[in-house]
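Below: the structure, in structure tokens.
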Amino acid sequence: MTTATNLKHYPMWIGGKPVDTKETRDIINPSDESVAATVAMGNAADIDAAVQVARETFQSGVWARKTPRERAAIMRRIAAAANDSVEDLIEAEMSANGATVRQATGFHVGYALLHFEYFADLAETYQWKRPTQMSSFPTLGQSVVHREPIGVIGAIAPWNFPLLLTLWKVGPALAAGNSVVVKPDEHTPLSILEFARIAEENGLPAGVLNVVPGEGRDAGARLASHPDVGKIAFTGSTQVGREIMMAASDTIKKITLELGGKGPTIVLDDADLDLAVDGVLYGCFVFSGQVCESGTRALVPESLHDEFVNRLVERAKAIVLGDPSDWDTDMGPVINGKQRDRIVEYIRGAEADGATVVTGGVQATGPGFERGFWIEPTIISGVRNDMRIAQEEVFGPVLSVIAYQDDEDAIRIANDSEFGLAASVWSRDNERALMLAERLQVGSVWINDAHQIDCQLPFGGYKQSGLGRELGPDALDEYTEAKTVRLDLSGGRESKPYDLLLSHAPK
């Protein structure tokens, strides 16, 4: 536990050195509302300074002109050093966003560093130059498509997986030779500030990775609109994504947006119910439901509805809510009081609409819950898909159970959403499940599983769940520009089609 005598202060990181500001922010631990650390808060002027440094660094070629193999070697060195400091990164994540020690060790930090290593490897295997077959139209020639770095990348990261979702952007950006300015969420900047320091201590040139914590309406807005930023990569709410699109439009930036979700989990009538119950609960309640691709709508056949709800309630009551630092804890707090109150308001609204809270639905109380932001795992039955609870992203531990009649009805309900990030299907019949998967309007479908995000495969959404894809080779496409270079091999002037424009008749 951090105390006043050992409270750590985190400056910004610009140009390879810590930079402080007059304005600071207390980082509040969601589990007990203690001050975990203080952090310097940047503004638009600090973003300008960071972008200038990143632009100058990019133009110098100190990173951009390294070979992919050289960049990969440095990135691997950084990943190894970060793994040596993994306990500090885990503590930074837990103290800022309330992740349990199991989740922080696995998803939040372990997975993040694994993905960074993947992008280091990809730098060496990605096809940076793509020759085409020799062409004879309109003249004989050879063409090569070059994938080149964009320049300065602006990365705006959320609070739920600060390090992981930042490295989804920083990893491919660095592998491609770009320079980066990161604007972390003001609630959770600690782990990425730690990572930036580790990176430059282990070979990343100063100014290639810069981190400016700050408010979205100030620092974030400036980064999104800055004329010297060539691309914005953002993870967060759909509403803020719309604002970023508008800000980026002034300079026609490339953008990647990974936004909200309202994931359908379709349980078919031939599913293994024991497996499906655990999978549905995991799909919704991991990290207290604060995951964009969470399966928050459980679609269950009418014939199985009551039995399945009873099984869900029985298993949900076994979820251990409590101290995130305890390895036996399954679920921790939500991020802050504002989010806790928002979740409760959604639950009360569902009841007013005629749905029934069958377990949870309230703030946790009693020993250990005197302070902090706690919501019990909540299951709501009798939900219709037109209710607000089924259409809007709650971002908390709230599962809505919706009955359906047949497969066609399940597909209709699943696709009746403005979101399209992820879904899952539970069935013993693989062929039937695959047929349903093809009809779901989402970027990822997991069959008899949930939250299986593979660093080698593209991740992103349909509809208002976003634009572009993160992870896999597709990610490097997002962080590079394509340049076509054609070499004429025809030889003589007489073979060229200049007569379409110029007359070469003798005078």
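Here, each number is a calculation from the coordinates, and none is a lab measurement. All values derive from a computational prediction rather than experimental measurement. In this analysis, Cβ positions are derived from the backbone assuming ideal geometry, glycine residues included, and neighbour counts consider all displayed protein chains.
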Checklist line | Net dipole in debye of segment 264-447 [+1 Lys, Arg Cβ; -1 Asp, Glu Cβ; about Cα centre; nearest 20] | finding: 620 debye
Check: For helix 305-316, what angle does its Cα long axis make with the longest principal axis of the chain, in degrees from 0 to 90 and rounded to 10?
Finding: 90 degrees
Check: Around LEU421, which amide H atoms from residues at least 5 apart in sequence, or from another chain, sit under 5 Å from its own amide H, with H modelled in the peptide plane?
Finding: LYS262, GLY443, TYR462
Margin query: What is the angle, in °, between the Cα long axis of helix 430-439 and the longest principal axis of the Cα atoms in the chain? Nearest 10 is fine, range 0 to 90.
Written below: 70 degrees
Check: Which residue, chosen from TYR118, THR265, GLY360, occupies the Cα position most advanced towards the positive end of the dipole of the chain, where the dipole is computed from +1 (Lys, Arg) and -1 (Asp, Glu) charges on Cβ about the Cα centre?
Finding: TYR118
Checklist line | Furthest towards positive pole of dipole, GLY279, ILE347, ALA414, structure part segment 264-447, Cβ charges | finding: ILE347
Next item on the list: Mind sorting MET94, MET41, MET435 by how few other Cβ atoms lie within 10 Å of their own Cβ, fewest first?
Entry: MET435, MET41, MET94
Notebook entry, point to check: Which value, in Å to one decimal place, does the Kirkwood hydrodynamic radius take for segment 264-447 when every pair of different Cα atoms is included?
Noted result: 16.5 Å
Next item on the list: Using Cα pairs closer than 8 Å and at least 6 residues apart in sequence, work out the relative contact order for segment 46-170, in percent.
Entry: 28 percent
Next item on the list: First check a/c for segment 390-464, with a ≥ b ≥ c the square roots of the eigenvalues of its C-alpha gyration tensor; if it is under 1.5, answer rounded, and if not, answer prolate when a/b is larger than b/c or oblate otherwise.
Entry: rounded
Item checked: Which of LYS253, LYS129 has the fewest Cβ neighbours within 10 Å, and the rest in rising order -> LYS129, LYS253
Check: Given the chain reduced to its alpha-carbon atoms as identical point scatterers, what log10 I(q)/I(0) does the Debye formula return at q = 0.06 Å⁻¹?
Finding: -0.31
Item checked: Diffusion constant of segment 362-490 at 10 °C, which comes from Stokes-Einstein with the Kirkwood Cα-pair radius and 1.306 mPa s, µm²/s -> 88 µm²/s
Checklist line | Gap separating the Cα centres of segment 411-462 and segment 366-382, nearest whole Å | finding: 29 Å
Checklist line | Distribution of pairwise C-alpha distances over segment 89-220, 5 Å bins, in % | finding: 2, 10, 17, 19, 16, 11, 7, 5, 4, 3, 3, 1, 0
Note to self: Over the chain, what is the relative contact order in percent, taking alpha-carbon pairs closer than 8 angstrom and at least six residues apart?
What the structure shows: 18 percent
Next item on the list: Could you list VAL180, VAL86 in order of exposure, starting from the residue whose Cβ has the fewest other Cβ atoms within 10 Å?
Entry: VAL86, VAL180
Margin query: At a threshold of 8 angstrom on Cα-Cα distance, excluding pairs fewer than six apart, so keeping six or more, what relative contact order does segment 264-447 reach in percent?
Written below: 28 percent
Next item on the list: Within segment 417-451, which residues have the backbone N less than 12 Å from the label spot 7 Å out from ASP272 along Cα→beta-carbon, could you tell me?
Entry: 427-429, 448-449
Check: How long is the gain from ALA80 to ASP406 if the chain were fully straight, where each residue apart is worth 0.36 nm and the alpha carbon distance is subtracted?
Finding: 112.3 nm
Item checked: the chain: angle of helix 190-201 to the longest principal axis, Cα-based, in degrees nearest 10 -> 30 degrees
Margin query: Using the crude model of +1 on Lys and Arg Cβ and -1 on Asp and Glu Cβ, and no other charge, please compute the dipole size for the chain relative to its Cα centre, in debye to 20.
Written below: 2400 debye
